[in-house]
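Notes for the one structure printed next.
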Amino acid sequence: MRISVIGCGYLGAVHAASMAQLGHDVIGIDVDATKVHALRAGRAPFYEPGLPELLKDSGATGRLSFSTDMADASGSDVHFICVGTPQVHGEFRADLTYVNAAIAALRPHLRPGDVVAGKSTVPVGTAEAIAESLEGTGAVLVWNPEFLREGFAVKDTLHPDRLVYGVPTDDEGVPTAEGARAKEVLDEVYATPLSEHTPLVVTDYATAQLVKVAANSFLATKISFINAMAELCEATGADVTRLADAIGYDARIGRRFLNAGLGFGGGCLPKDIRAFMARAGELGVSDALSFLREVDSINMRRRVRMVDLAREVCDGSIVGKRIAVLGAAFKPDSDDVRDSPALSVAAQMQLQGAHVTVTDPQAVANAEAKWPDLHFAETALEAAKDADVVLLATEWAEYREVEPDALAEVVAHKRILDGRNVLEPAVWRAAGWTYRALGRP
Ligand code: UDX
């Protein structure tokens, strides 16, 4: 099929390259000429494992190209909308500027029968408004939310754990003839994953849009639940990692997403739960999501608690103390620092008078652009030179494997804070370190 992908960020760039990999002819379109230039040259504009190889492979087939000109979308059978929906500054709701601009720019290039597939995470009701704005073009809108995780984006796109299509439906919720035809078109796009028995849910627009925010809210709730338990563990001397293991053996609960620590960040979970609360308010059902406020507060409290813990191990004051922070990205295998707990804690400690040096295998450039007042180092050992305390803030494999003895040689004081509960306390204590973590004795 001929496919256009509008917006080539974390979502769109991976989607475009993956669709070409699945055998389609793909044009990726973005307003950012620098990004398009990099993608054309086969370079990923951000760090994502597997993406450079995928761009190279797909590029070699001649089926993948990039452009800044929306006119190049004409002639495609399916147009995927992959632009960002950030949080409005100073408010909870999502900013739909990029989605609306993409649709307005695409509209003149649509032909009757074209399918427009929305992938961006939007407040429920957006798809209905877009469908209305497409009236008169003969194009049909499908809402096809994306569930990819950064760090696993290529795998999640080529082998998704489910596909969801929100199609036009009649008053009884049954797909209209147009909806049924659009489903067939998307089935052809996703023929390979569907042949691998990927579960498919075909539903109405509202449900499809809600699936995405409901899933992210559930994941955020799970993380904040275990972080709330960490607060109880801190008050009682219990160990949250053992608690998570024990409750996780119950298949109804499951161990995944029960890792207590600095909590969730990134470009999705925090802003998605806030936008969901804002939308619930507009719909007059804010009570239904009032628990998400608590989920958000528990999450933000962990960052404050970590600064307090640093103060505690520094005998009551971090003023003038040298603190090494291992990790700047919001999670490992990403260079994304949007709402990163690691960077947020680093910045708070620096603002409170500490001398903070941050290191990260991939995210230093992005971190430096955001917080130029922090100090940066290339490696963990460089960052930890003369440190009064070392904080592991993002669990990159190389930080999980750091040797207590090697680190001991460069620091001023052997104090380690494990912000992600990934180190073995006994090993560090045996090597003479003061080991502290969130939710562990
Ligand atoms: C998330 C969803 O997982 C994905 O399905 C959706 O499409 C986009 O949002 P992502 O933002 O890439 O993906 O990251 P995710 O792996 O979900 O992690 C989010 C944050 O939660 C990270 O900061 C991570 O460190 C934190 N986290 C995750 C925990 O603190 N504990 C856990 O147990 C799991």
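Answer yes or no as to whether Glu184 is touching a residue at least 40 places away in the same chain (Cβ under 8 Å), at negative phi, away from the ligand (no atom under 14 Å from the Cβ) and not aliphatic (A, V, I, L, M). No: the conditions fail for Glu184.
Hey, does region 382-405 have a residue that's of a type outside the set (Val, Ile, Thr), away from the ligand (no atom under 16 Å from the Cβ) and over 23 Å from Ala328 (Cβ atoms)? Yes. Scanning region 243-281 for residues that are more than 14 Å from Lys222 (Cα to Cα), more than 9 Å from the ligand (Cβ to nearest atom) and small (Gly, Ala, Ser) gives Ala246, Ala251, Ala275, Ala278, Ala280, Gly281.
As a summary of the residue check, Ala342 satisfies the conditions (1) within 16 Å of the ligand (Cβ to nearest atom); (2) in a loop (DSSP other than H, G, I, E, B); (3) surrounded by 24 or more Cβ atoms within 10 Å (Cβ to Cβ) except for the one numbered (2). If you filter region 114-158 down to residues that are touching a residue at least 12 places away in the same chain (Cβ under 8 Å), away from the ligand (no atom under 14 Å from the Cβ) and assigned to a loop (DSSP other than H, G, I, E, B), you find that the one that is surrounded by the most Cβ atoms within 10 Å (Cβ to Cβ) is Asp114. Annotation note: of Ala380, Ala347, Ala365, Ala408, the sole residue that is in contact with a strand residue (DSSP E or B) (Cβ under 7 Å, 6 or more places away or on another chain) and either at pLDDT 95 or above or surrounded by fewer than 18 Cβ atoms within 10 Å (Cβ to Cβ) (or both) is Ala380.
Looking at this structure, is Glu91 more than 26 Å from Asp333 (Cα to Cα), surrounded by fewer than 19 Cβ atoms within 10 Å (Cβ to Cβ) and at pLDDT 95 or above? Answer is yes for this residue.
Here Arg162 passes the criteria (1) touching a Leu at 6+ places or on another chain (Cβ under 8 Å); (2) more than 16 Å from the ligand (Cβ to nearest atom) except the one numbered (2).
Is it the case, given these coordinates, that His109 is of a type outside the set (Asp, Glu), free of Cβ contacts under 8 Å to residues at least 40 places away in the same chain and either under 30 Å from Pro49 (Cβ atoms) or within 16 Å of the ligand (Cβ to nearest atom) (or both)? Answer is no for this residue.
Report whether or not Ile226 is more than 30 Å from Ala127 (Cβ to Cβ), among the β-branched types (Val, Ile, Thr), within 14 Å of the ligand (Cβ to nearest atom) and buried (at least 21 other Cβ atoms within 10 Å of the Cβ).
Here the answer is yes, as Ile226 does meet what is asked.
The lone criterion from (1) small (Gly, Ala, Ser); (2) more than 16 Å from the ligand (Cβ to nearest atom); (3) in contact (Cβ under 8 Å) with a residue 24 or more places away in the chain left unmet by Ser217 is number (2).
Hey, among Arg293, Arg302, which residue is under 30 Å from Ala214 (Cβ atoms), within 15 Å of the ligand (Cβ to nearest atom) and within 30 Å of the chain's Cα centre (by Cα)? It would help to see each step written out before you state the result.
Details: Arg293 fails: within 15 Å of the ligand (Cβ to nearest atom).
Sole residue among the options that is under 30 Å from Ala214 (Cβ atoms), within 15 Å of the ligand (Cβ to nearest atom) and within 30 Å of the chain's Cα centre (by Cα): Arg302.
The values are calculated or read from the model by the stated rules, or taken from the named source; none is laboratory data. Because the structure is a prediction, the values reported are computed rather than measured. All Cβ positions, even for glycine, are placed from backbone atoms using ideal geometry, and neighbour counts span all protein chains on display.
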